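K.L.:
Got a structure for you, written out below as structure tokens; questions coming shortly.
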Amino acid sequence: MDSASVLYLIRINGHLGATMLSAFPAMTSQRDGADTLLTGLLDRSALYGVLAEIDALGLDLLEVRQLTPKRQPAP
């Protein structure tokens, strides 16, 4: 089983306040229209933990997307 961290974007319906965002310390957040985007490097276990926290808080999960990191140009 691969435990490497992967960059994920998670879209949640609505704007999350500071108290709700504190439940996701490994994620950075930004507003996108009426939604909140959470972005962070997560291994499989951490991803499931974040999804479980979203469910436990009763948040409306709209999207989970694995992002491909931008490649750095060769020197």
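K.L.:
Taking the Cα atoms only, what angle lies between the long axis of helix 44-56 and the longest principal axis of the chain, rounded to 10 degrees?
P.N.:
Around 10 degrees separate the two axes.
K.L.:
Using Cα pairs closer than 8 Å and at least 6 residues apart in sequence, work out the relative contact order for the chain, in percent. Numbers along the way, then the final one.
P.N.:
Numbers: 102 pairs, mean separation 33.5, N = 75.
Worked out over the chain, it gives 45 percent.
K.L.:
Let me ask something else about it. Can you pull the accessible area of residue 3 for me, 1.4 Å probe, Å² to the nearest 10?
P.N.:
90 Å²
K.L.:
Under the rule of at least 5 residues apart or a separate chain, name every residue whose amide H is placed under 5 Å from the amide H of residue 43.
P.N.:
6
K.L.:
A further question follows. Just the number, please: percent antiparallel of the DSSP beta bridges in the chain, rounded to the nearest 5.
P.N.:
Values: 18 of 18 bridges.
Looking only at bridges with both residues in the chain, the antiparallel portion is about 100 percent.
The values are calculated or read from the model by the stated rules, or taken from the named source; none is laboratory data. Nothing here was measured: the structure is a model prediction, and the numbers come from that model. Ligands, DNA and RNA are stripped out before the accessible areas are found, and what is left, the full protein with its side chains, is counted by its heavy atoms. Shrake-Rupley method; radii C 1.70, N 1.55, O 1.52, S 1.80 Å.
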